[in-house]
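Notes follow once the structure below has been shown.
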Amino acid sequence: MYRVGNILTSRITIVVLVIIAALVAFRIALPHLALDYVNRSLDSMEGYQGHIQDIDLHLWRGAFDVHGLAVEKSGGTVPVPFLDVARIESSIQWSEILSGAYVGEIVLHQPELNFVAGPTDDTSQTEVPATWMEVTGDLLPFSINQLEVRDGIVHYRDFHSDPEIDVSMEKLYLVASNLRNSRSVGQSKFATATLYNLPDEGDPKLEVSLNLDTFAQDPTFDMKFVLNDLALTRLNDFLRAYGNFDVESGTFTVYSEIVAQQGSYEGYVKPLFEDLKVVDWKEDQDPLELAWEAIVGGAASILENKPTGRVATNILIEGDFDEQEVDYWAAVINLLRNAFIQAIRPAFEDITPGRSVGE
């Protein structure tokens, strides 16, 4: 009887050891299996291909880290990736789990986004891949409730213009919360997002805020956008390539608000140019180019509000999400009004649904 017990104990021990060894082997192999699965899924995006360099799993706290994510346009016709992220942290929001919602949060470290304009579709990448959200949704074990971006950069490039263009906004930070509305309606039915940058001295300041009703059947949101004191000389490559002129000095500021409800929206875009000087006399400058710059500079001078040194207008926009209307005549009238009657203020109009802009 004693021998039988020993044999049984030995067999149980062997079985337990085999199970432990199998679990250890599976845990060791799991990151490699996950890496292969993710890379195969990323390559399934139509028109784009993606890959990651490494993945770290933290099963005990329901988290994983992704290193070196790159999403590129298929075919190799665009020389920069659409998206390049140094590291992605992803974890379950345990506080929301306790509230009955299986959601998580994602943090993107140093993401770089490249929008590229080109003469053909093959040489351009200006839109987020249509299958991107579907693929990423399938890869994540939970719905995203909070999204953060830390130290991001967005480029607008044109490798086929003369000169080539590379306009960027750096040190971008984004915090988007309550995206899945995991809490009760009594607490909040709005998702919120704030985008801003941490500018160095002489850089423009960006601030964007968004409130989105996640329960509404039609898009329902209000958004505010402001970009302050962008030095126009930083855009000279852009202006030369697309406008055939450049500037010697000046700053650009833009305010915008959009309010949407019941399938329609209204708002405005308020661009303001201050201390704008277009003509830069150069000895070797082409006479035709100089003449065009003189015309642009003369128009800017005529339309400048003399007390403030500012050229500005207010462009009204409204419509539904199938069609939009831009009030160009109002934009022209506001341009002239700023120049000759009353200066447009560099501030928000604080519009609300049902009230026309400027009331």
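Tabulated results
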item	result
Subset of segment 41-84 [among the aromatic types (Phe, Trp, Tyr) and either free of Cβ contacts under 8 Å to residues at least 40 places away in the same chain or part of a helix (DSSP H, G or I) (or both)]	Trp60, Phe64
Qualifying residue in segment 208-220 (condition: closer than 30 Å to Gly309 by Cα and either part of a strand (DSSP E or B) or free of Cβ contacts under 8 Å to residues at least 60 places away in the same chain (or both))	yes
Some residue of segment 263-277 being modelled with pLDDT of 85 or more, part of a helix (DSSP H, G or I) and touching a Ser or Thr at 6+ places or on another chain (Cβ under 6 Å)	no
First in segment 106-130 and assigned by TED's automatic domain parsing to the domain that holds Ile88 and assigned to a strand (DSSP E or B), second anywhere and of a type in the set (Ser, Thr, Tyr) and surrounded by 17 or more Cβ atoms within 10 Å (Cβ to Cβ), Cβ under 8 Å, 6 or more apart	Ile106/Ser90; Val107/Ser90; Val116/Thr123; Val116/Ser124; Ala117/Ser124
Top-ranked residue in segment 204-259 [being surrounded by fewer than 17 Cβ atoms within 10 Å (Cβ to Cβ) and among the acidic types (Asp, Glu); ranked as farthest from Val326 (Cα to Cα)]	Glu248
Segment 299-316, residues that are at pLDDT 75 or above and buried (at least 18 other Cβ atoms within 10 Å of the Cβ)	Arg310, Val311, Ala312, Thr313, Asn314, Ile315, Leu316
Candidate set from segment 235-252 (those that are in contact with a helix residue (DSSP H, G or I) (Cβ under 6 Å, 6 or more places away or on another chain) and of a type in the set (A, V, I, L, M, F, W, C)); member that is farthest from Pro119 (Cα to Cα)	Phe252
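The values are calculated or read from the model by the stated rules, or taken from the named source; none is laboratory data. Model, not experiment: these values are computed from the prediction. Heads up, the Cβs are rebuilt from the backbone with ideal geometry, glycines too, and the neighbour counts pull from every protein chain shown.
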